[in-house]
1. It is to be established whether one or more residues within segment C:154-161 are part of a helix (DSSP H, G or I) and either closer than 29 Å to B:A111 by Cα or more than 9 Å from every other protein chain (Cβ to nearest Cβ) (or both).
2. Identify all residues within segment B:114-140 that are without any contact (Cβ under 8 Å) to a residue 12 or more places away in the chain and among the aliphatic types (A, V, I, L, M); write none if there are none.
3. Just to confirm my filter: which helices (runs of 4 or more DSSP H) fall fully inside segment A:27-115 and include at least 2 residues that are farther than 16 Å from A:S166 by Cβ and away from chain C (no Cβ under 14 Å)?
4. What are the pairs with Cβ atoms under 7 angstrom where one residue, in segment A:62-90, is closer than 17 Å to C:I54 by Cβ and the other, located anywhere, is part of a helix (DSSP H, G or I) and among the aromatic types (F, W, Y)? Sequence gap at least six, or different chains.
5. In this structure, is C:A201 within 14 Å of chain D (Cβ to nearest Cβ), under 13 Å from the mean Cα position of the chain (by Cα) and assigned to a helix (DSSP H, G or I)?
6. Being of a type in the set (A, V, I, L, M, F, W, C) and under 16 Å from the mean Cα position of the chain (by Cα) is the filter; apply it to segment C:64-83 and report the residue that is nearest to A:T69 (Cα to Cα).
7. Given the condition within 14 Å of the chain's Cα centre (by Cα), closer than 30 Å to D:R58 by Cβ and buried (at least 16 other Cβ atoms within 10 Å of the Cβ), answer yes or no: does some residue in segment B:26-49 qualify?
8. Taking the criterion of being within 30 Å of D:W218 (Cα to Cα) and out of contact with any Lys or Arg (no Cβ under 8 Å at 6 or more places or on another chain), would at least one residue in segment A:8-16 satisfy it?
Number of protein chains: 4
Amino acid sequence: MSPGGNTLFSRLVAAAGPAWRSYTRHEFVLRLADGSLPEGAFRHYLIQDYLFLIHFARAWGLAVYKSETLAEMRRAQALVAATLDTEIGLHIDYCRGWGIDTVAMAQTPEALETVAYTRFVLDRGLAGDRLDLEVALAPCIVGYAEIAAESLADPATRLDGNRYKSWLDMYAGAEYQALAAAAKSALDEQFARRGGDGRFASLAAAFTAATRLEADFWQMGLAAMSC
Amino acid sequence: MSPGGNTLFSRLVAAAGPAWRSYTRHEFVLRLADGSLPEGAFRHYLIQDYLFLIHFARAWGLAVYKSETLAEMRRAQALVAATLDTEIGLHIDYCRGWGIDTVAMAQTPEALETVAYTRFVLDRGLAGDRLDLEVALAPCIVGYAEIAAESLADPATRLDGNRYKSWLDMYAGAEYQALAAAAKSALDEQFARRGGDGRFASLAAAFTAATRLEADFWQMGLAAMSC
Amino acid sequence: MSPGGNTLFSRLVAAAGPAWRSYTRHEFVLRLADGSLPEGAFRHYLIQDYLFLIHFARAWGLAVYKSETLAEMRRAQALVAATLDTEIGLHIDYCRGWGIDTVAMAQTPEALETVAYTRFVLDRGLAGDRLDLEVALAPCIVGYAEIAAESLADPATRLDGNRYKSWLDMYAGAEYQALAAAAKSALDEQFARRGGDGRFASLAAAFTAATRLEADFWQMGLAAMSC
Amino acid sequence: MSPGGNTLFSRLVAAAGPAWRSYTRHEFVLRLADGSLPEGAFRHYLIQDYLFLIHFARAWGLAVYKSETLAEMRRAQALVAATLDTEIGLHIDYCRGWGIDTVAMAQTPEALETVAYTRFVLDRGLAGDRLDLEVALAPCIVGYAEIAAESLADPATRLDGNRYKSWLDMYAGAEYQALAAAAKSALDEQFARRGGDGRFASLAAAFTAATRLEADFWQMGLAAMSC
């Protein structure tokens, strides 16, 4: 039996076919892991990821509204709080460490790829229910945990002298891995309560589309190498 | 086997228990059918039903937005059009026939019961998906067809000289019955595609709540007997 | 010049006319302040207010989604957190102190009045923008602060031996008064940034409707005197 | 005085600066007008424009929900109907004329540029009010009318033997020009009723972002020249 077992997440990954590894093993990821990613690419990614986080917090605010139980509301609220109180702050510190002017960063226009993925997620969440919203967010939340863990296990990865080591450490760390595991459990719980196999095709199509949009986000970073 | 068979609608009615007949066999309905309903009660109902129709059209506009297929969009769009182009016009003519000042009507404040049912439906539709929206609308759309058909079949009903005969005829007529039958089929189709038994408890709770809010709407009419 | 000056809130109160005092000086409030309110009325109110708070938290979750700036998001997020982490807990403790079975409480069906006000607010917020949402919430947030402060200043109020003193103290307290003052400032800030006098008529109509729905909420409590 | 005068639309175009002409005078447009656009580019554009139209209909469904008056609802409903009943049908006929397999077309994945613009519009409409929604749609609705009229007036345009003549004729035709003029009037009416100068900066930022996303849509067509 595969490690993911028969969770909704593992079924969605299977349904995404090669699109999943095109995202999690994207050249941006491989070069970040072996340290060969140009700094301009990473810097461009960081700035757009900051703009992304604002919409990520909006998505979890929407999830508070769309909750059916107090427990669901509390999990969504914790993710809004973590994004606004912690992640955005960490991101700003981190960007400052990379010499990014954080005032300018907040005023950078969103790239096409940032608009596409963030608004796709929000539309899925508004047109559908909370399960639709969380499935569209899963390539991001769970995907980052998988990317970091897989990179650390990859013999091609070099951590010595790798400028991006702290990025890998953060997403491979226990705290983030637990958050991603909770997101996977939430998918199963909601699929049992709001789903049924009739929904799988539609959820899988959205998951695959979101996965492709995440790969486009890496590609955007890579394309900015000379920035 | 019962006439409703094992449709989602018949299961929702069964889950609503006595609340369903408290709505479909409400004193307002019985007295409308035997002609003993005071005109003031009917007039108050008509005015609030006009205000209700505006939000009903909004609900089907929302359903256009929430559609996943062109066929779903077309059905929702046809219901927006029927409400705005036909029903609201018929309603205005009908109200005029009842001596209601239709300009004043449009400015009447919504009753508590009108606000409660219409906004409950819209919130279900926005917090959930299109199936949640249609389940919340079903006590209205399908219920009215059932109320009219059942009234015509009831020996206590008197059509001779009944001021409300045209109301019964409209909802018992082939056109409205077909619309209600299509709404029932749509519930089954969406439950197969987006549902599964895991969702039933939540759908049934919303259907029962909406049924109670519809009974409150009749009660509002009845309470206004002396208007 | 009146203490409220020319704030948006004071203009909305003025536009609401007698509806405002019918709410803030409702018999439920006056009898709560002089201690003559029957316990059954208060208990019914407390239970429905608990159910109300859940939708209040949903409304602020929606406000996170609808924010245009990080500062707006943070204020909304703080109100979700305060509601879920503090208020709902306090409410449960308080209800327990009043001998209410808090498990049963969470399963009590929402009263018509609870459905009407909460869903009206959410619909205003979804159909309109964040200013529409906050205006619909203002009779609640700012109104409670005014009701408590005004009650404490009223010679007819009796605090000695008044079972409801702690309720008045909570809403007249510095913490809640500051929260209400921030809500008033936020209205002005948003009206400047998203408004203009063209919007006033629509905002005032919604504020007045919400005020009436709040008065209906008191009336619901009063009507349950014998519970 | 310029023909646009001091309408909200003309102010939004002025605020967009060079982004406006980068869209309306995009190389895709110029080559379509002089007939030198490769067929592959046009074909790719047509297919994505079909997928775009589905979300365009969803946006007007949302506008029905977000309407404050019956007149507003009717205009939105007419645009849903025109899109679903007429435009999508015409589009399918037109695509067939260009040798596009229309079944395959409906299953083509949305391009990044299609996702970005359509979901940006829907998010603006859900996070904001109907004016936010219509401003985000204006570069499309009004822009196409301007592009076609300006192309016909441009001496570099060649209609003789131009494969794309019917496209220009459709958008320069009286029917579409009237629809665009109505959209401009609606912006002014809504800005007076829901706006005020305080909103202009936010509306202009969204209009400019939407204009850039439309230019990206042309660019997507151009990039597919060899398809």
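The values are calculated or read from the model by the stated rules, or taken from the named source; none is laboratory data. Bear in mind that the values here come from a model prediction, so they are computed numbers and not experimental data. Cβ placement follows ideal geometry from the backbone for every residue including glycine, while neighbour counts extend to all protein chains displayed.
1. The answer is no; no qualifying residue exists.
2. Within segment B:114-140, B:V115, B:A127 qualify.
3. Details: elements: A:27-33, A:39-65, A:70-81, A:88-97, A:102-107.
By residue number, A:27-33, A:39-65.
4. A:L62/C:Y65; A:Y65/C:Y65; A:A76/A:W60; A:V80/A:W60
5. Criteria not met by C:A201.
6. Filtering first and then ranking leaves C:V80.
7. yes
8. For segment A:8-16, residues within 30 Å of D:W218 (Cα to Cα) and out of contact with any Lys or Arg (no Cβ under 8 Å at 6 or more places or on another chain): present.
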